[in-house]
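Engineer: Sharing a structure with you now.
The values are calculated or read from the model by the stated rules, or taken from the named source; none is laboratory data. Since we're looking at a predicted model, the values are computed, not measured. A quick note on method: Cβ atoms are made from the backbone with ideal geometry, for glycine too, and the neighbour counts reach across all protein chains shown.
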Amino acid sequence: MESTTSEKILEKAQALVVAGGYNGFSYADISDAIGIRKASIHHHFPTKAELVAVVVDRYTQQAQGGLKSLSQQIPDPAAQLEAYLDYWQKCILDASQSFCVCAMLAGEMQMLPEAVASRVRAHFRNLAGWLTSVLKAGADQGKFQFSNLPEEEAQILMASVHGAMLSARALGDPTIFVAIVSPQLAKLRA
């Protein structure tokens, strides 16, 4: 099935956000990449803020679907956390998705239009909520132990994952991701 023009625009915009953030691309970049006029892009997405807000919504829905699937398919909280980390490890190693869209945008938070910034914050709240629930379930089952509140451990883990992405990108070495997040997971195991 051939993707629609708006889907092509969204896919390219997402790739450009991952590569350079909100301010790292223009409609001309999308136009050149997919071979349509800028006016056509404006027809689908009148402003860049609207375009990136839809990119974030789409990304967040995909992420929530993936996390829900992990929770449904893998009953063990420790295995859920491993699967989440393995997903990012694979994406970074094979360069299929080298960085979280929302993590990239978070670096520009002060410059983002509120319509985009609020969605980025919501993505992080959702992810932190999922991580907290997995950590709580694991602690209840005796699989995890930690000295902080589960909500704090979720924030630490989330920061470690996104920081590891940043380090892997900055140093051009995808194996750094694993070197940073593996000890975090080991530390949580009871």
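Engineer: Among the residues of region 1-33, what is the count of those that are part of a helix (DSSP H, G or I) and either among the polar types (S, T, N, Q) or surrounded by 15 or more Cβ atoms within 10 Å (Cβ to Cβ) (or both)? Let's see the steps before the verdict.
Structural biologist: So the first thing to find is which residues in region 1-33 are part of a helix (DSSP H, G or I), and the list is 5-20, 22-24, 27-33.
Those left that are additionally either among the polar types (S, T, N, Q) or surrounded by 15 or more Cβ atoms within 10 Å (Cβ to Cβ) (or both): 5-6, 8-18, 22-23, 27, 29-31, 33.
The number of residues fulfilling the criteria is 20.
Engineer: Sticking with this structure for a sec: What number of residues within region 67-108 are among the hydroxyl-bearing types (Ser, Thr, Tyr) and modelled with pLDDT under 90?
Structural biologist: To start, the set of residues in region 67-108 that are among the hydroxyl-bearing types (Ser, Thr, Tyr) comprises 69, 71, 84, 87, 96, 98.
Subsequent filtering for residues that are modelled with pLDDT under 90 retains 96, 98.
Adding up the residues that qualify gives 2.
Engineer: Something else: Could you tell me whether any residue of region 48-60 is surrounded by 14 or more Cβ atoms within 10 Å (Cβ to Cβ), within 21 Å of Ile92 (Cβ to Cβ), among the hydrophobic types (A, V, I, L, M, F, W, C) and out of contact with any His (no Cβ under 7 Å at 6 or more places or on another chain)?
Structural biologist: yes
Engineer: Moving to a separate point now. Check every one of the helices (runs of 4 or more DSSP H) wholly within region 84-181 and list those with 3 or more residues that are within 17 Å of the chain's Cα centre (by Cα) and among the charged types (D, E, K, R).
Structural biologist: Working: elements: 101-106, 114-140, 150-171.
By residue number, 114-140.
Engineer: Collect the residues in region 67-83 that are part of a helix (DSSP H, G or I) and surrounded by 14 or more Cβ atoms within 10 Å (Cβ to Cβ), keeping them in residue-number order. Lay out the reasoning, then the answer.
Structural biologist: Taking region 67-83 first, the residues part of a helix (DSSP H, G or I) are 67-73, 77-83.
The answer is Leu67, Leu70, Ser71, Pro77, Ala78, Ala79, Gln80, Leu81, Glu82, Ala83.
Engineer: Gln61 passes all but one of (1) over 22 Å from Arg125 (Cα atoms); (2) at pLDDT 95 or above; which number fails?
Structural biologist: Going through the list (1) over 22 Å from Arg125 (Cα atoms); (2) at pLDDT 95 or above, Gln61 breaks only (1).
Engineer: If you take the residues of region 1-45 that are over 24 Å from the mean Cα position of the chain (by Cα) and among the acidic types (Asp, Glu), which of them is nearest to Ala103 (Cα to Cα)?
Structural biologist: In this case the residue turns out to be Asp32.
Engineer: Can you report the number of residues in region 135-190 which are out of contact with any helix residue (DSSP H, G or I) (no Cβ under 6 Å at 6 or more places or on another chain), aliphatic (A, V, I, L, M) and more than 18 Å from Glu82 (Cβ to Cβ)?
Structural biologist: 5
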